[in-house]
C-alpha cells in the first residue's frame, strides 16, 4: 500500500483538472506594513510547473 506524505498533502491543493496549487509566502503576519497590492498579488497561490507536478504527485498518490 502506498502512503501519502502528510506534510506535502497539507501544503498544497489539487484542482479538478489536476493542477497543483501552492500557497505563497508573506501572507501570515506583519501585514499592516505591506501594501494592498502586495497582499492582493498573494491572494490565490501559485501553480506548480509540470516537472515539479510529477515529483509531487508521487508523494501524494491518492490525490487524483
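Computed from the coordinates by the stated procedures, all read-outs in this text should not be read as laboratory data. This structure is a prediction, so every number in the text was calculated from the model and none was measured. Cβ coordinates were reconstructed from backbone atoms using ideal geometry, including for glycine residues, and neighbour counts include every protein chain displayed.
Some observations on this one:
- Tensor-based shape of the chain (alpha-carbon gyration tensor, a/c under 1.5 rounded, otherwise prolate or oblate): prolate
- Choice from 13, 34, 54 showing the highest fluctuation, given a GNM over the chain with Cα pairs closer than 10 Å: 34
- Take the Cα of residue 6, step 7 Å toward its Cβ, do the same at residue 30, and the gap between the two points is 3.1 nm.
- Mean-position separation - Cα centroids, segment 32-53 and segment 14-29, in angstrom: 8
- Relative contact order of the chain, defined on C-alpha pairs under 8 angstrom at six or more residues apart (%): 45
- Against the chain, whose longest principal axis is taken from its Cα atoms, helix 50-59 shows a tilt of about 60°.
- Most mobile of 46, 31, 12 in a GNM of the chain (Cα contacts under 10 Å): 31
- Helix-only CD estimate at 222 nm, as mean residue ellipticity for the chain, using -39500 (n - 2.57) per DSSP H run (n ≥ 4): -9000 deg cm²/dmol
- Inter-label distance, nm, simple model (7 Å from Cα along the C-beta direction), residue 38/residue 54: 3.7
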